[in-house]
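S.K.: After the structure tokens below, expect a handful of questions from me.
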Amino acid sequence: MKLVRLFAVCSAVAMLPAAMAQKWEFGVGAGAGIYTPQDVSLGSTSASAKFKTNVAVSTWIGENMGDRWGGELRYSYQLGDARLKQNSTEAVFGAETHTINYNFLFYTKPSESTTRPFLDAGAGIKFYRGTGAEAVVQPLSQYALLTKAGDLTGVVSIGGGVKIKLRAHAVLRFDVHDYMSPFPKQVITPNFGANVEGWVHDIVPMVAISFGQ
């Protein structure tokens with residue numbers, strides 16, 4: 001967590017001069033995080049591993065770089081229990097994530113438009129953290145262990161949405177992002193002989209409001 005906080009502070013300081021010198025925007029939003037599952041394989045059998053859908057909140061500071069381009073430094077927090085499932089057997093463990101990323105935005109309409117669709121893409125870091133109580137016996141432990149640990153990974157973000165002006169300095173926003181990161185093997189740890197590969201997709205639809213110049 002110290003590394004995450006340090007990255008957030010350094011990024012915010014680095015963006016501050018640009019945000020002050022150009023048109024800036026500050027926003028907050030809420031939605032849901034919907035994770036795709038990955039199979040943990042053991043021999044010819046497997047169990048499905050994922051993080052359960054739960055609330056996602058986000059805040060960001062953005063800058064408008066000309067008529068069609070912009071950028072945002074964003075912090076996101078999500079709840080979502082780690083889950084391991086095979087047929088009717090299930091293991092669940094409390095978990096949360098913290099994400100910091102910078103995205104570039106491309107607008108399909110100029111800045112004076114009331115409605116501005118946009119596409120965005122960027123990258124950053126994501127911290128997965130197990131928060132549950134570890135037990136001596138866990139269902140499906142032959143496949144993986146759900147742990148009270150942390151896993152810091154890189155993250156790639158792509159998405160899009162639309163901004164709708166409410167008044168001179170207030171904007172209503174609808175967007176959806178796909179946060180893609182390597183599977184967090186420190187939080188959902190494959191047991192001896194088991195294996196899990198691939199990336200996790202975290203699809204986050206969100207409603208937000210922002211204010212700026």
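The values are calculated or read from the model by the stated rules, or taken from the named source; none is laboratory data. A quick note: this is a predicted structure, and the numbers were derived from the prediction, not measured. Glycine gets a Cβ as well: all are built from the backbone with ideal geometry, and neighbour counts include every protein chain shown.
S.K.: Please work out if Val171 is closer than 21 Å to Ala32 by Cα and modelled with pLDDT under 95.
M.R.: Against the criterion (closer than 21 Å to Ala32 by Cα and modelled with pLDDT under 95), Val171 qualifies.
S.K.: Can you name the residue in the stretch 99-123 that is of a type outside the set (Asp, Glu) and part of a loop (DSSP other than H, G, I, E, B) and, of all such residues, is nearest to the chain's Cα centre (by Cα)?
M.R.: Among them, the one singled out is Thr108.
S.K.: Can you find, within the stretch 38-61, the residue that is nearest to the chain's Cα centre (by Cα) among those that are surrounded by fewer than 21 Cβ atoms within 10 Å (Cβ to Cβ) and among the β-branched types (Val, Ile, Thr)?
M.R.: This residue is Val57.
S.K.: Out of all the residues in the stretch 154-202, which are among the β-branched types (Val, Ile, Thr) and surrounded by 17 or more Cβ atoms within 10 Å (Cβ to Cβ)?
M.R.: Of everything in the stretch 154-202, those that are among the β-branched types (Val, Ile, Thr) and surrounded by 17 or more Cβ atoms within 10 Å (Cβ to Cβ) turn out to be Val155, Val171, Val187, Ile188, Thr189, Val196, Val200.
S.K.: How many residues, within the stretch 163-192, are in a strand (DSSP E or B) and either more than 17 Å from Phe104 (Cβ to Cβ) or under 14 Å from the mean Cα position of the chain (by Cα) (or both)?
M.R.: 19
S.K.: Given (1) closer than 30 Å to Gly70 by Cα; (2) more than 13 Å from the chain's Cα centre (by Cα); (3) at pLDDT 95 or above, where does Asp151 come up short, assuming only one miss?
M.R.: Asp151 satisfies every listed condition except (1).
S.K.: Okay, moving on. May I ask you to list pairs of residues, at least six apart or on different chains, whose Cβ atoms are under 7 Å apart, with the first in the stretch 139-152 being in contact (Cβ under 8 Å) with a residue 60 or more places away in the chain and within 9 Å of Tyr128 (Cβ to Cβ) and the second being among the basic types (Lys, Arg) and crowded, with 17+ Cβ neighbours inside 10 Å?
M.R.: Gly150/Arg129
S.K.: Which of the numbered conditions does Ser76 fail, given that it passes all the others? Conditions: (1) buried (at least 21 other Cβ atoms within 10 Å of the Cβ); (2) at pLDDT below 95.
M.R.: Only one criterion in (1) buried (at least 21 other Cβ atoms within 10 Å of the Cβ); (2) at pLDDT below 95 is unmet by Ser76, namely (2).
S.K.: Take Thr99 and decide whether it is touching a Pro at 6+ places or on another chain (Cβ under 6 Å) and either of a type in the set (Phe, Trp, Tyr) or farther than 20 Å from Leu42 by Cβ (or both).
M.R.: No, not satisfied.
S.K.: Could I ask something else about it? With (1) without any contact (Cβ under 8 Å) to a residue 24 or more places away in the chain; (2) closer than 23 Å to Lys23 by Cα; (3) within 19 Å of the chain's Cα centre (by Cα) as the list, and Tyr77 as the residue in question, which single condition is left unmet?
M.R.: With (1) without any contact (Cβ under 8 Å) to a residue 24 or more places away in the chain; (2) closer than 23 Å to Lys23 by Cα; (3) within 19 Å of the chain's Cα centre (by Cα) applied to Tyr77, the lone miss is (2).
S.K.: In addition: If we only count strands (runs of 3 or more DSSP E) wholly inside the stretch 31-98, which ones have 1 or more residues that are more than 28 Å from Gly193 (Cβ to Cβ)?
M.R.: Per the criteria, 54-64, 69-79.
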